[in-house]
Amino acid sequence: MPSRPIFPLSDHCDGRRFFNPRGHVNRTWRDVLKWRLTSRPAVWPNSIAVAPQPVPATPAAGRLVATWINHATFLLQTPAGNLLTDPIFGGRASPFAWAGPPRVHAPGLSFDQLPRINVVLLSHDHYDHCHLPTLRRLAAAHQPLVITPLGNAALVARAGLLRCVELDWWQHHVISADCQVTLTPARHWSNRLSGGRNCRLWGGFHLRVAGRSAYFASDTGYDPDLFKTIGHKLGPPDLAMLPIGAYEPRWFMAAQHCNPAEAVQIHCDVGARRSVAMHWGTFQLTDEARGAPLRELAAARAAAGLPEETFRAFNPGESLHI
């Protein structure tokens with residue numbers, strides 16, 4: 001007798017495992033070996049100096065402040081409270097403290113600088129996005145609510161976080177009278193040492209708060225229909241936080257990570273008023289040079305006829321007021 005489904009059956013779940021609609025690519029160990037044997041990764045600097053930045057003041061009514069801390073970690077300050085996306089403050093993007101991609105620059109805000117964190121938006125289980133040591137620190141210091149895709153609650157509980165809401169794609173959670181979060185689809189996958197491949201869902205987040213809207217794409221490959229659908233269903237965001245790094249070689253990465261040109265297309269597809277780059281420059285995960293995403297973003301922005309301020313890459317700790 002077949003086992004009963006754990007999760008709702010849908011166009012992206014068979015009841016136990018998740019997948020991308022319109023074609024899912026699972027890279028094999030043979031693919032990984034081919035990449036490692038044929039790649040010529042660029043040499044990154046061992047360390048990049050980061051100038052300390054102050055924490056922005058709490059925004060006034062009807063405003064939102066986004067601060068890029070590092071990688072996919074943003075501090076989002078709103079009149080309704082403070083949110084963190086995919087927080088990682090550790091020295092490596094890895095399950096181990098002694099191995100794995102090391103940090104190249106310090107967080108733009110230190111952990112101890114953080115204001116009261118009310119909500120953590122946790123997009124998926126990969127180690128550069130779901131960093132359990134950081135989550136344990138957040139549990140001890142703030143005990144925030146965690147909003148995450150289906151299947152991640154048990155992982156969150158391991159960090160000592162007591163409040164967790166799981167969402168399926170397009171489901172939303174009302175945090176307060178003027179703050180709502182919707183889980184959006186993304187083209188990606190999930191896996192870590194604990195739990196099977198694709199047994200936990202992945203996604204991005206659309207935040208609507210105090211008359212402003214923000215879209216956090218998290219990790220995603222490009223899809224010609226997906227991002228237009230997000231913009232159509234949820235409306236053009238005032239701010240989009242879009243990944244521009246970890247994209248080479250394309251034969252291996254295109255199904256899971258967009259490149260800067262595709263990030264510019266996502267900006268256009270969702271109809272974002274402003275976009276900020278993320279997922280670059282903190283950990284060397286793939287083959288491109290550390291500065292390559294910035295150069296390619298500038299070229300793609302120019303090709304699309306967009307002014308620089310429309311889609312920028314920040315220094316760690318830099319903020320944008322919306």
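Built from the Cα atoms of region 253-322, the convex hull projects on average onto 5.1 nm², one quarter of its surface area.
What the phi angles of region 296-307 give under the Karplus curve with 6.51, -1.76 and 1.60, with θ = phi - 60°, is a coupling list of 6, 5, 4, 5, 5, 5, 5, 5, 8, x, 9, x Hz, glycine and proline written as x. Across region 1-93, the convex hull enclosing all Cα atoms gives 243 Å³ per residue. Among 126, 232, 71, determine the one that fluctuates most according to a GNM of the chain built with springs between C-alpha atoms less than 10 Å apart. Taking springs between Cα atoms under 10 Å, the residue moving most is 232.
With Cα extents along the principal axes in Å in mind, check [x] 69, 45, 42; [y] 56, 46, 42; [z] 68, 47, 32 and report the label derived from this structure. Recomputing Cα extents along the principal axes in Å here picks out [y]. Amide H to amide H, with H built 1.01 Å from N, residue 146 comes under 5 Å of 120, 163, 164, 165, counting only residues 5 or more places away or on other chains.
Rounded to the nearest whole Hz, the Karplus-based 3J(HN,Hα) values (6.51 cos²θ - 1.76 cosθ + 1.60, θ = phi - 60°) of region 243-252 follow the sequence x, 10, x, 6, 10, 10, x, 5, 4, 8, with x at glycine and proline. Checking every one of the chymotrypsin sites (Phe, Trp or Tyr not before Pro) in region 81-179 against DSSP loop status and a limit of 13 other Cβ atoms within 10 Å picks out 96, 98. Taking the chain as a Gaussian network of alpha-carbon nodes connected by springs under 10 Å, the highest mean-square fluctuation of the residues 286, 148, 85 belongs to 286.
State to the nearest 20 debye the size of the charge dipole of the chain about its Cα centre, where the only charges are +1 on K and R beta carbons and -1 on D and E beta carbons.
Values: 32 positive and 23 negative charges, 126 e Å.
Using only the charged Cβ atoms, the result is roughly 600 debye.
Backbone geometry of region 129-140 corresponds, through the Karplus equation with coefficients 6.51, -1.76 and 1.60 at θ = phi - 60°, to 3J(HN,Hα) couplings of 10, 10, 9, 4, x, 5, 5, 5, 5, 5, 4, 5 Hz, x marking Gly and Pro. Here is the list for region 23-122: trypsin sites (Lys or Arg not before Pro) lying in DSSP coil, each with at most 10 other C-beta atoms within 10 angstrom of its C-beta, are 116.
Placing +1 on the Cβ of every Lys and Arg and -1 on the Cβ of every Asp and Glu, with no other charges, gives region 22-73 a dipole of roughly 360 debye about its Cα centre.
Read the figures in this text as sums done on the coordinates, not as results from a lab. Predicted model only: the values in this text are computed from it and were never measured. Here the Cβ is made from the backbone with ideal geometry for all residues, glycine too, and neighbour counts use every protein chain on show.
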